[in-house]
Amino acid sequence: MSEPLLKVAKLTKEFPLKGGLFSGQIASVHAVDGVDFHVDRGETLGLVGESGCGKSTTGRCVLRLIEPSSGEIHFDGKDVRSLKADDLRILRRDIQIIFQDPYASLNPRMNVGAIVGEALIIHQLTKTKQQFEERVVDLLETVGLRADHMGRYPNEFSGGQRQRIGIARALAVEPKLIICDEPVSALDVSIQAQVINLLEDLQEKFGLAYLFIAHDLAVVEHISKRIAVMYLGRIVEMASAHELYASPRHPYTEALLSAVPIPDPKVKRQRVRLSGEVPNPISPPTGCHFHTRCPIAQFPLCKSEAPPLKQSADGHWVACHFR
Amino acid sequence: MAGSTHASPIADVVVPLEGRPRHISPGYEVWRKFRRHRMAVASIGVLTLLTAAVLFGPLIWRIPINEIDFTARLAHPSWDHPFGTDDLGQDLLARMLYGGRISLAVGFAAMAVAIIVGVLIGAISGISRGSVDAALMWITDLFLALPQLPLLLLVIYLFRDFLKNWVGPEGGVFILIVLVIGAFRWMPVARLVRAQFLSLREKEFVEAARALGATTPRLVIRHILPNSLGPVIVAGTIDVAAAIIAESTLSFLGLGFPPDIPTWGRLLFDAKDYLDIAPHWALFAGAAIFLTVLTINFIGDGLRDALDPRRVM
């Protein structure tokens, strides 16, 4: 098997909390706490977890929009973390990002042509004005918009259309990997389906790889080939989409999946209910982060020792002492 | 939800947008929205009138500003002297038309200085983290904490003669006053701009531009600055007013323009001893300052709304 497109190892990100008399660091938020995963070419890896578990931070660390605290990121044979500013700019032609909020992610004072074409100017991808316009029109049509949308401003568009503009902007540099940071969470369900289908079509057309971050399990199952589940900054389970949904191993994954609504009122099923709240990431629990809420935890093992992410079956990784 | 809709998303996206003309230039769009602001449009008319009057008025109303006529001391408005006369019988209309040039010029020039310095300091402070930001904010706080009037007096006392010799009495005082007023008005602008930068810097569209590989200057010029100027425009209009008033104060203290140059502020302060017997003296100069400040504020409001593409009007 060839080298994966993106390989992330032991990635951590701590946000310092400042305060006190001399504005010194008094604590830190462990947003991402030792995450390993890889994304193959043309593949979609889903990254799920509840709010605040570090999914988005992980995605931004890959692009170095947020500087990671430690760990390794390799993209296409390049060591991302050691890149200098100019090389980082070149790297960003290969990795792009689509944001959650289509209202906040487009500059309200630039028209669509300028937004979509910005990368063309930054990287000098087109030489003449005519080429520039042709390319922008081409991109707009690729995502299902029209050429005459070029001169309009973002406020003239609906949420779904804005998300398409965001996608066109990401496509302008012909990236190999797109980080989708909850790209459909802010949209209506019918529009969600349109955007998801668009993303799938584009993947097929351009051979894109996606790191698909979401909290909606149904969406992730639909689009992903493999799925990683995060809890409090760590990946607790990673498997192919089918495998994960058919036979989840980690107790947290079980609880998550049992919370997905089934659109049939006659079906009854066993809910796994978790007690308590997600612990504070400023002082996460020792050992396994999940032991405070885990139905199968055994003490003192789970409290003292963090379970490594180990392969329990072919391609099925789980971080639990007992599964 | 996923998989339930199989209609091809690329082929048929319905884009219902009401049939308005397609290529409206951004400049026209701004004017279209500005026009809706009736007070702002009326204000432009009034301000243009005021400006035209002070620019061309002295060419039409040809009574010299220093023609003393003791037979018409403190005369009330009449056909000979539409705005009346002062205690030396000098024609107030002529004096106002001439002084208005200086008052308006000082106001706008001082605003320009305050805004340029404020935006520059605020932008540098807002985009750079750590020590540069801290140092610039210390300087801003320092300026805010300085007692303005004593310092103004000191600066003018120290530099007036030097500038007078260099560019002549009127020009020298003009430059000095504009710089001094500007130097004491930039702090609120800098703080506004910095606050805007701090919040805009974290917005997703700025992050998106960073992800596209935009350099910091590009981020600032194309993305952050244009979105931070709304409050600055409003602050700027207030600065024009404040500068006109500050100039009056300085003139009153004998440190502004020479007493024989009748700026509006000067007229107001000269008139204060005769308020009971010659209210017209203060009235017209006061009304001129009031009208200028008010119209500029309305225009600022209108501009802010018109320049904001999110506001549908």
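Values in this text are rule-based calculations from the coordinates and carry no lab data. These figures come from a predicted structure and were not determined experimentally. Positions of Cβ are generated from backbone atoms using ideal geometry, with glycine treated the same way; all protein chains shown enter the neighbour counts.
A few points about this structure:
- Sequence-distant residues sharing a close amide H with residue A:71 (under 5 Å, placed H): A:12
- Cα-based shape type of chain B, given that a ≥ b ≥ c are square roots of the gyration tensor eigenvalues and the cut on a/c is 1.5: oblate
- The antiparallel fraction among DSSP beta bridges confined to the protein assembly as shown stands at about 65%.
- Which of A:71, A:51, A:241, positive extreme of dipole for the protein assembly as shown (C-beta unit charges): A:241
- Sequence-distant residues sharing a close amide H with residue A:230 (under 5 Å, placed H): A:48, A:49, A:236
- Label-to-label distance, nm, for residues given as residue A:200 and residue A:296 (7 Å Cα→Cβ offset): 3.2 nm
- Relative contact order of segment A:204-300, pairs being alpha-carbon contacts under 8 Å that are 6 or more residues apart, as %: 20 percent
- Gyration tensor (alpha-carbon) shape descriptor, chain A, a/c threshold 1.5: prolate
- Placing a pseudo-label 7 Å from each Cα along the Cα-to-Cβ vector at residue A:272 and residue B:234 gives an inter-label distance of 5.3 nm.
- Placing +1 on the Cβ of every Lys and Arg and -1 on the Cβ of every Asp and Glu, with nothing else charged, gives segment B:103-189 a dipole about its Cα centre of roughly 40 debye.
- If you plug the beta carbon distance of residue B:146 and residue B:166 into 1/(1 + (r/R0)^6) with R0 = 35 Å, you get a FRET efficiency near 0.85.
- Label reach from residue B:31 (point 7 Å along Cα→C-beta): in segment A:152-167, amide nitrogens under 20 Å belong to A:152-153.
- Mean separation of Cα pairs under 8 Å and 6 or more residues apart, divided by the residue count, gives chain B a relative contact order of 24 percent.
- Residue order, fewest to most beta carbons within 10 Å, for B:274, A:252: B:274, A:252
- Taking every residue in B:138-145 and counting other chain Cβ atoms within 10 Å of its Cβ, the average works out to 0.
- Cβ-placed point charges (K, R +1; D, E -1), dipole of segment B:163-313 about Cα centre in debye, nearest 20: 800 debye
- Among the GluC sites (Glu not before Pro) within segment B:130-234, those in coil by DSSP and having at most 14 neighbouring Cβ atoms inside 10 Å are B:202.
- Cβ charges +1 (Lys, Arg) and -1 (Asp, Glu), total dipole of chain B, debye: 1280 debye
- Of the cross-linked pairs A:13/A:55; A:7/A:225; B:164/B:272; A:18/A:55; A:129/B:33; A:7/A:55, those separated by over 18 Å at the C-alpha level are B:164/B:272; A:18/A:55; A:129/B:33.
- Here each label is just a point 7 Å from Cα along the line to Cβ, and for residue A:9 and residue A:70 those points are 1.5 nm apart.
- Per residue of peptide A:99-108, the mean number of Cβ atoms on other chains within 10 Å of the residue Cβ is 5.
- Among B:103, A:283, A:258, the order by Cβ neighbours within 10 angstrom, fewest to most, reads A:283, A:258, B:103.
- Rounded, prolate or oblate (a/c below 1.5 giving rounded, otherwise prolate when a/b exceeds b/c) for segment A:84-189 by Cα gyration tensor: oblate
- In Hz, Karplus ³J(HN,Hα) per residue of segment A:275-288 (6.51, -1.76, 1.60; θ = phi - 60°; x = Gly, Pro): 9, x, 10, 5, x, 5, x, 6, 9, x, x, 6, x, 6
- Segment A:1-96, relative contact order in percent, only Cα pairs under 8 angstrom and at least six apart counted: 33 percent
- Phi-based couplings in Hz for segment B:117-130 (Karplus 6.51, -1.76, 1.60; Gly and Pro marked x): 5, x, 5, 4, 5, x, 5, 4, 5, x, 8, 9, 8, x
- Using the Cβ-Cβ distance between residue A:84 and residue A:258 with R0 = 56 Å, the FRET efficiency computed as 1/(1 + (r/R0)^6) comes to roughly 0.75.
- In order along segment B:166-180, the phi-based Karplus estimate (6.51 cos²θ - 1.76 cosθ + 1.60, θ = phi - 60°) of 3J(HN,Hα) comes to 7, 10, x, x, 6, x, x, 5, 4, 4, 4, 5, 4, 5, 5 Hz; Gly and Pro are listed as x.
- In this structure the amide hydrogen of residue A:178, modeled in the peptide plane, comes within under 5 Å of the amide hydrogens of A:96, A:209, A:210, A:211, none closer than 5 places in sequence on its chain.
- Pairwise FRET efficiency - residue A:174 versus residue B:55, Cβ, R0 = 56 Å, nearest 0.05: 0.45
- Ranked for footprinting exposure by Cβ neighbours inside 10 Å, fewest first, B:160, A:92, A:146 give A:146, B:160, A:92.
- Average beta-carbon neighbours from other chains, 10 Å sphere, peptide A:190-200: 4
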